[in-house]
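Q: Right, I'll just put the structure down here and ask away after.
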Amino acid sequence: MSIHLLQTFAMPESAETALADRFVVHKLHTADDPERLFDRVGTSIRAIAGVGVPKPLMDRLPALEIIANFGVGYDSIDVQAAKARNIRVTNTPDVLNDAVAELTIGLMLSLARRLPQADRYVRENRWPLGNLPIFRELGGTTLGIVGLGRIGREIATRAQAMKMRVVYHGRSHQPRQPYVFYPDLVDMARDVDWLVALTPGGAGTEKLISRAVLEALGPDGMFVNVARGSVADQDALIDLLANGGLGGAALDVFADEPHVPEALRRMENVILSPHQGSATRETRDAMGALVVTNLDAHFSGKSLLTPVA
């Protein structure tokens with residue numbers, strides 16, 4: 001019997017081909033009339049592949065058994081509502097670790113050396129008028145990682161290769177990790193040159209990077225966010241960047257994506273990136289393959305590879 005699947009997000013061609021080979025796929029994200037789609041096939045949908053699954057969407061799908069999230073973060077899925085209905089939820093950890101770690105180091109280098117500004121300086125033929133100001137190196141500075149998970153550890157390894165000292169803050173001390181643990185985030189921010197946020201989104205981490213944390217980081221401090229926009233107090237961040245209370249920021253995520261405040265877009269001490277931490281061909285293909293593998297496991301009665309609920 002054919003299994004009907006709802007796709008809520010555009011995926012790589014490799015994943016879409018694999019889904020089409022296995023399921024009857026209905027694409028919510030391209031539907032001209034979602035309500036008509038639900039009326040026609042809502043009672044037949046047994047699986048979701050993609051992102052963005054709130055409770056009202058689940059309520060339209062009485063036969064739903066599994067949500068295969070395309071991404072490691074699953075804060076766009078109402079996991080509690082899924083648990084209440086015994087709907088399984090999976091994500092795609094590990095396969096994006098290298099891509100996010102590489103982007104993080106790239107953002108740090110771009111901020112430290114003002115690489116986007118340097119590129120623009122040459123393209124606008126301003127170099128004959130004089131040299132750019134002298135900026136900073138990463139080597140010899142201290143990096144504080146907020147959330148030393150899989151990605152955090154990859155960033156730490158790369159940072160050490162660049163001759164940085166690494167410390168971290170998290171929910172608990174990890175005794176097998178060779179980095180100094182700070183139980184208090186403000187204390188860590190006060191002691192580091194760079195602060196990188198890597199925590200999941202959601203209510204538990206909302207504005208974890210508070211005004212107090214950013215003030216402790218100080219006028220020479222650099223903040224990097226590759227977690228979720230909700231993790232940082234964006235208003236405080238803008239204020240401190242504007243008044244000299246913070247040295248700079250490199251941001252891949254924002255509070256109201258894809259809308260980025262004009263104040264951030266105007267600042268020269270800020271590097272901006274359109275939430276592309278995992279946006280490489282290799283990683284997106286691997287994420288899609290893991291989505292498909294979890295779905296295959298569920299419908300063949302096998303254990304899920306990466307369950308979150």
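Q: Taking Cα atoms, how many degrees apart are the long axis of helix 150-161 and the longest axis of the chain, rounded to 10 and kept between 0 and 90?
A: The answer is roughly 30 degrees.
Q: Using every alpha carbon pair in the range 160-309, what percent of pairs falls into each 10 Å bin from 0 up to the bin containing the largest distance?
A: 10, 32, 31, 19, 7, 1
Q: Per residue of the range 182-193, in order, report the coupling 6.51 cos²θ - 1.76 cosθ + 1.60 (Karplus, θ = phi - 60°) as ³J(HN,Hα) in whole Hz, putting x for Gly and Pro.
A: My calculation for the range 182-193 gives 10, x, 10, 5, 4, 4, 5, 4, 5, 9, 10, 9 Hz in order.
Q: While we're here: Around residue 246, with a cut-off of 11 angstrom between Cβ atoms, what is the net charge of the other residues, counting Lys and Arg +1 and Asp and Glu -1?
A: -2
Q: Going by how many other Cβ atoms sit within 10 Å of their own, how do 169, 26, 275 line up, fewest first?
A: Least crowded to most crowded, the residues run 275, 26, 169.
Q: Let me ask something additional. Find me the longest stretch of the chain that has none of the exposed GluC sites (Glu not before Pro), where exposed means in a DSSP loop (not H, G, I, E or B) with at most 10 other Cβ atoms within 10 Å.
A: After excluding every exposed loop site, the longest remaining stretch is 125-267.
Q: Obtain the radius of gyration and the Kirkwood radius of the range 249-308 from its C-alpha atoms and give Rg over Rh.
A: The Rg/Rh ratio comes out at 1.24.
Q: If you bin every alpha carbon distance in the range 199-252 into 5 Å steps from zero, what whole percent lands in each bin?
A: 5, 23, 34, 24, 11, 3
Q: Follow-up. Which trypsin sites (Lys or Arg not before Pro) does the range 252-308 hold that lie in a coil by DSSP with at most 12 other beta carbons within 10 Å?
A: In loop regions of the range 252-308 (DSSP not H, G, I, E or B), the sparsely surrounded trypsin sites (Lys or Arg not before Pro) are 302.
Q: Now, a different point. Given the DSSP H assignment, sum -39500 (n - 2.57) over each helix run of at least 4 residues in the chain and divide by its residue total; what's the result at 222 nm in deg cm²/dmol, nearest 500?
A: Theoretical 222 nm ellipticity from helices: -11000 deg cm²/dmol.
Q: Also: Out of residues 5 or more away from residue 48 or on other chains, whose amide H comes under 5 Å of its own, with H placed 1.01 Å from N in the peptide plane?
A: Result for residue 48 returns 6, 66, 67, 68.
Q: Once the Cα atoms of helix 281-299 and of the chain are each reduced to a long axis, what angle between those two axes, in degrees from 0 to 90 to the nearest 10, is obtained?
A: 30 degrees
Q: Under a plain spin-label model, where a point goes 7 Å from the Cα along Cα-to-Cβ, how far apart in nm are residue 122 and residue 181?
A: It works out to 4.5 nm between the two label points.
Q: Which net charge results for the neighbourhood of residue 277, defined as the other residues with beta-carbon distances under 15 angstrom from its beta-carbon, given Lys and Arg at +1 and Asp and Glu at -1?
A: Residues close to residue 277 contribute a combined charge of -3.
Q: How charged is the neighbourhood of residue 217? Take every other residue with its Cβ under 13 Å from the Cβ of residue 217, and add Lys/Arg as +1 and Asp/Glu as -1.
A: -4
Q: Does anyone have the angle between helix 234-243 and the longest principal axis of the chain? Alpha-carbon axes, 0 to 90°, nearest 10?
A: Computed tilt is about 20 degrees.
Q: Rank 42, 219, 175 by how far each Cα sits towards the positive end of the charge dipole of the chain (+1 on Lys, Arg Cβ; -1 on Asp, Glu Cβ) and give me just the farthest.
A: Most positive-ward Cα: 175.
Q: Calculated FRET efficiency, residue 41 and residue 137, Cβ-Cβ r, R0 45 Å, to nearest 0.05?
A: Calculated value: 0.20.
Q: Now, a different point. Based on DSSP, what percent of beta bridges with both residues in the chain are antiparallel, to the nearest 5?
A: Rounded to the nearest five, the antiparallel share is 5 percent.
Q: If you count the DSSP beta bridges with both ends in the range 97-272, what percent of them are antiparallel, to the nearest 5?
A: In the range 97-272, DSSP labels about 5 percent of beta bridges as antiparallel.
Q: Looking at 147, 272, 258, which one has the Cα that reaches farthest to the positive end of the dipole of the chain (charges on Cβ: Lys, Arg +1; Asp, Glu -1)?
A: 147
Q: Averaged over all directions, how much area does the convex hull of the C-alpha atoms of the range 116-232 cover when projected, in nm²?
A: 8.7 nm²
Q: Would you grab the residues whose amide H sits under 5 Å from the one on residue 254? Only those 5+ places off in sequence or on another chain, please, with H modelled 1.01 Å from N.
A: Distant-sequence amide H within range of residue 254: 229.
Q: Right, another one. Given 25 °C and 0.890 mPa s, compute D for the chain with the Stokes-Einstein relation, Rh being the Kirkwood radius over Cα pairs; round to the nearest whole µm²/s.
A: My calculation gives 116 µm²/s for D.
Q: Can you compute the FRET efficiency between residue 32 and residue 3 using 1/(1 + (r/R0)^6), with r the Cβ-Cβ distance and R0 = 35 Å? Round to the nearest 0.05.
A: Using R0 = 35 Å, I get an efficiency of 0.90.
Taken together, the values in this text are just the output of simple stated rules run on the coordinates, not laboratory data. Note that the structure is predicted; figures quoted are calculated from it, not measured. Here the Cβ is made from the backbone with ideal geometry for all residues, glycine too, and neighbour counts use every protein chain on show.
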